[in-house]
1. Just name the residue that is nearest to S90 (Cα to Cα) out of those in the range 194-219 that are crowded, with 17+ Cβ neighbours inside 10 Å and polar (S, T, N, Q).
2. Condition check: under 21 Å from G21 (Cβ atoms), at pLDDT below 95 and touching an Asp or Glu at 6+ places or on another chain (Cβ under 9 Å). Does V202 satisfy that?
3. Can you tell me which residues in the range 67-99 are of a type in the set (A, V, I, L, M) and either under 23 Å from A192 (Cα atoms) or at pLDDT below 95 (or both)?
4. Looking only at the range 42-60, which residues are surrounded by 18 or more Cβ atoms within 10 Å (Cβ to Cβ) and either basic (K, R) or over 25 Å from T193 (Cβ atoms) (or both)?
5. Do we have any residue at all in the range 74-81 that's buried (at least 21 other Cβ atoms within 10 Å of the Cβ) and in contact (Cβ under 8 Å) with a residue 60 or more places away in the chain?
6. Contact list please: Cβ distance under 8 Å, first residue in the range 5-28 and in contact (Cβ under 8 Å) with a residue 12 or more places away in the chain, second residue among the basic types (K, R), pairs at least six apart or on different chains.
7. Of everything in the range 95-117, what is surrounded by fewer than 18 Cβ atoms within 10 Å (Cβ to Cβ), hydrophobic (A, V, I, L, M, F, W, C) and more than 19 Å from M42 (Cβ to Cβ)? Give them in sequence order.
Amino acid sequence: MIFINFKTYQEATGKNALVLGQIIEEVATTTQTKIVPVVGAMDVKELATALKVEVWTQKIDPVSYGAFTGAIIPEAVFEDGAKGTFLNHSENKFTDYGLLEKAVLRAKEVGLKTLIFASDLDELKKVILFKPDFVSYEPPELIGSQSVSVATAKPEIVAQAVEIANSYSIPLIVGAGIAGQEDVKKSLELGATGVAVASAVVKAQDQKAKLIELTEGFK
């Protein structure tokens, strides 16, 4: 399983988001690998309408209908076709765990799956109590790295994160610096269910070739 975080990169926003989404669908189909595009709320509807693969949104806010200017309510992205949401990514963290728990509950109320990110094992132990569908260990210092992945830099920590996740029967996704098939393979060997990738694919000169390379790590 591969989550592709489009972030707000120009190469994956607006019309470019649809192009990358179509590439993801093609590779997912030909390689029989589950690949999930994770897009900004503004691009959910277009991709969800055009694609057969699951489309996730990058965040929601722990609110419902009301006076919440600028907030992303889960009902809206679910109605647009989103199947799940990232929460607590290092670039958009919750400062209050109570609000994070509320966001998980709001997502579940409307039918959105959730993936919560944790920056370290202590945070992982806290957020896993909110019972998301997936958790991810992603040390922020390695995000965007094209030379060092968390699977190679901190394999012992990944193994501990897997043990924590397994104790709650929640799949672990490994993120930060995942750039090639060896990073994917190592993550799976350590017990992870899948990986989260962003710039390695979005910024690649040949996005399709990079995606295919990553899927090779599942063989």
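The values are calculated or read from the model by the stated rules, or taken from the named source; none is laboratory data. All of these numbers come straight from a predicted model, not from anything done at the bench. Here the Cβ is made from the backbone with ideal geometry for all residues, glycine too, and neighbour counts use every protein chain on show.
1. S199
2. Working: under 21 Å from G21 (Cβ atoms): yes; at pLDDT below 95: no; touching an Asp or Glu at 6+ places or on another chain (Cβ under 9 Å): yes.
Taking the combined requirement at face value, the residue does not satisfy it.
3. Restricting attention to the range 67-99, the residues satisfying the condition of being of a type in the set (A, V, I, L, M) are 67, 71-73, 76-77, 82, 87, 99.
Listed by number, the list holds a single entry, L87.
4. D43, E46, K59
5. no
6. Y9/K203; E11/K203; I23/K208; E25/K52; E26/K208; V27/K208; A28/K34
7. L99, L105 - these are the residues of the range 95-117 that are surrounded by fewer than 18 Cβ atoms within 10 Å (Cβ to Cβ), hydrophobic (A, V, I, L, M, F, W, C) and more than 19 Å from M42 (Cβ to Cβ).
A quick yes/no check of all residues on (1) within 23 Å of W56 (Cβ to Cβ); (2) modelled with pLDDT of 80 or more; (3) part of a strand (DSSP E or B):
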position: S147; (1), (2), (3): no, no, no
position: V158; (1), (2), (3): yes, yes, no
position: A161; (1), (2), (3): yes, yes, no
position: A165; (1), (2), (3): yes, yes, no
position: S169; (1), (2), (3): yes, yes, no
position: I173; (1), (2), (3): yes, yes, yes
position: G177; (1), (2), (3): yes, no, no
position: K185; (1), (2), (3): no, yes, no
